[in-house]
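Report on the following structure.
The values are calculated or read from the model by the stated rules, or taken from the named source; none is laboratory data. Predicted, not measured: the structure shown is a model, and the values here were computed from it. Every residue, glycine among them, receives a Cβ derived from its backbone with ideal geometry; neighbour counts consider all protein chains shown. The area values use the complete protein model at the heavy-atom level, side chains included, leaving out ligands, DNA and RNA. Shrake-Rupley method; radii C 1.70, N 1.55, O 1.52, S 1.80 Å.
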Amino acid sequence: MTNAEVTASLAGLSKAIRRYAKLVVRKGAAIQPGQELVIQTPVERADFARVLADEAYAAGAGHVTVLWSDEEITRMEYANMAVDYFSTVPAWKREQMNSLATGGAAFLFVDGADPQALRGIDPKKVETRSRAMREQCDVYRKGLDFGKNVWCIAGAPVTAWARTVFPDLSQDEAMLRLWEAILMAARADGPDPQSEWERHNATFEKNKRLLNQYAFDRLVYKSANGTDFELGLNQGHVWAGGAARTVDGTVFFPNMPTEEVFTSPDCLRANGVVHSVMPLVHGGQIVRDFWFRFEDGRVVDYGAKEGRDVLKSILEVDDNACMLGECALISKDTPIRQSGLLFYDTLYDENASCHLALGMGFPECLEGGLDMSRDELVAHGVNQSLTHVDFMIGADDLCITGITKSGEEVEVFVDGRWAWSVA
Ligand code: ZN
């Protein structure tokens with residue numbers, strides 16, 4: 001493409017980008033009349049933040065607060081400050097986040113980052129800050145985790161990310177292609193994305209209803225790449241996915257895009273071998289062609305063509321990092337998978353393929369789990385860990401069989417797709 005063609009094409013996307021912003025504000029963050037909307041965004045996407053704010057006010061938002069960030073400044077902060085600095089969240093920041101949450105704000109996170117922004121930075125600093133935020137901005141954290149506040153993560157491109165996904169294109173053309181990919185992935189490239197998402201959610205509801213009715217005892221995974229794996233499910237497990245609901249009944253979409261129906265498996269009942277089908281991008285490093293062997297829930301052996309040491313560091317985060325916290329089912333007939341792109345971003349890549357996650361499980365994926373302590377969750381099979389790392393195992397020929405408590409076998413996935421029709 002010539003520069004003029006790229007510029008014209010980018011300008012041509014502006015209507016679709018506005019429809020996407022409207023979708024994110026109205027369906028994702030489900031903004032209500034008079035409500036505060038908090039937009040957290042990279043400063044590089046100020047143009048998109050303005051469209052979001054405009055759409056939020058048009059939808060009746062009471063006020064819009066924008067929290068800007070800049071990766072280069074953040075990197076300088078990590079490079080220059082000692083670990084100790086990150087263990088305390090400044091009082092004004094605590095007040096800001098906690099009071100916004102108490103006031104009932106909806107939180108919208110614009111996801112756009114250089115996948116290698118923090119390469120070479122001591123991971124302890126990053127981990128210390130995220131733990132401090134979790135513990136000290138507790139009202140905010142609980143508001144998001146326990147269904148009090150609406151939240152939504154949606155993507156928008158930044159230059160360094162676009163260049164990573166499309167290394168052979170010029171900077172402008174890479175940005176154009178990443179915008180197109182983001183709109184396509186979010187099912188926002190057509191004339192009426194909001195109706196599209198209502199249809200999309202009906203599919204989620206059907207898949208969740210069937211899975212929850214079967215209440216399988218275990219799933220058996222098989223594919224020609226060597227995956228031969230059995231995964232126990234907890235008594236009282238709940239499949240989640242698609243729209244979420246606050247305690248007061250507001251329906252929202254925490255992730256845009258989202259394609260996964262997921263639950264937390266029994267962390268003590270994983271046995272056999274699983275092979276990856278996509279590279280794993282973790283902390284600015286890549287692992288390729290890898291596998292894990294599980295026995296009684298724990299990884300007992302593993303290998304990789306490239307990046308085995310990254311797997312080692314993940315498995316050694318804590319005692320439970322070698323056990324599973326999530327299993328997610330995703331058809332291969334989704335826009336993200338069909339694009340064939342590696343996004344180097346979990347929001348997108350985890351929605352391309354059936355996956356498992358090592359580490360932390362979800363309390364909402366167990367009946368009564370939100371009222372349980374950490375120890376109670378573990379006792380019911382929901383893993384608790386400081387880490388949560390997704391890896392993709394959805395081969396094109398993946399078959400998954402569900403086995404009920406009475407021993408009945410039900411096809412769940414055949415050749416990488418739902419076994420039942422989901423129309
Ligand atoms: Zn997932």
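Worth a mention:
- Listed conditions (1) within 16 Å of the ligand (Cβ to nearest atom); (2) assigned to a strand (DSSP E or B); (3) open to solvent by 20 Å² or more (accessible area, probe 1.4 Å) are all met by I286, apart from (1).
- All of (1) more than 16 Å from the ligand (Cβ to nearest atom); (2) out of contact with any helix residue (DSSP H, G or I) (no Cβ under 9 Å at 6 or more places or on another chain); (3) open to solvent by 30 Å² or more (accessible area, probe 1.4 Å) hold for T346 with one exception: (1).
- Residue in the stretch 297-316 that is surrounded by the most Cβ atoms within 10 Å (Cβ to Cβ), counting only those that are among the aliphatic types (A, V, I, L, M) and within 27 Å of W239 (Cα to Cα): I314
- Among the residues of the stretch 252-273, those identified as over 18 Å from the mean Cα position of the chain (by Cα) and either not small (G, A, S) or not in a strand (DSSP E or B) (or both) are D266, C267, L268, R269, N271, V273.
- V247 meets the stated requirement of being aliphatic (A, V, I, L, M) and more than 16 Å from the ligand (Cβ to nearest atom).
- Contact map, the stretch 19-46: first residue within 16 Å of S195 (Cβ to Cβ) and not assigned by TED's automatic domain parsing to the domain that holds G62, second residue open to solvent by less than 20 Å² (accessible area, probe 1.4 Å) and acidic (D, E), Cβ cut-off under 7 Å, separation 6 or more or different chains; the map is empty.
- In summary, R45 fulfils each of the numbered conditions (1) open to solvent by less than 30 Å² (accessible area, probe 1.4 Å); (2) over 17 Å from L178 (Cα atoms) with the single exception of condition (2).
- Tallying residues that are in contact with a helix residue (DSSP H, G or I) (Cβ under 6 Å, 6 or more places away or on another chain) and open to solvent by 20 Å² or more (accessible area, probe 1.4 Å) within the stretch 263-282 yields 1.
- Residue list for the stretch 250-269, filter: more than 16 Å from the ligand (Cβ to nearest atom) and closer than 26 Å to R293 by Cα: D266, L268, R269
- Verdict on F294 being at pLDDT 95 or above, crowded, with 18+ Cβ neighbours inside 10 Å, closer than 26 Å to A113 by Cβ and away from the ligand (no atom under 16 Å from the Cβ): no
- Subset of the stretch 207-249 that is in contact (Cβ under 8 Å) with a residue 24 or more places away in the chain, open to solvent by 30 Å² or more (accessible area, probe 1.4 Å) and among the polar types (S, T, N, Q) - its residue that is nearest to W291 (Cα to Cα): N225
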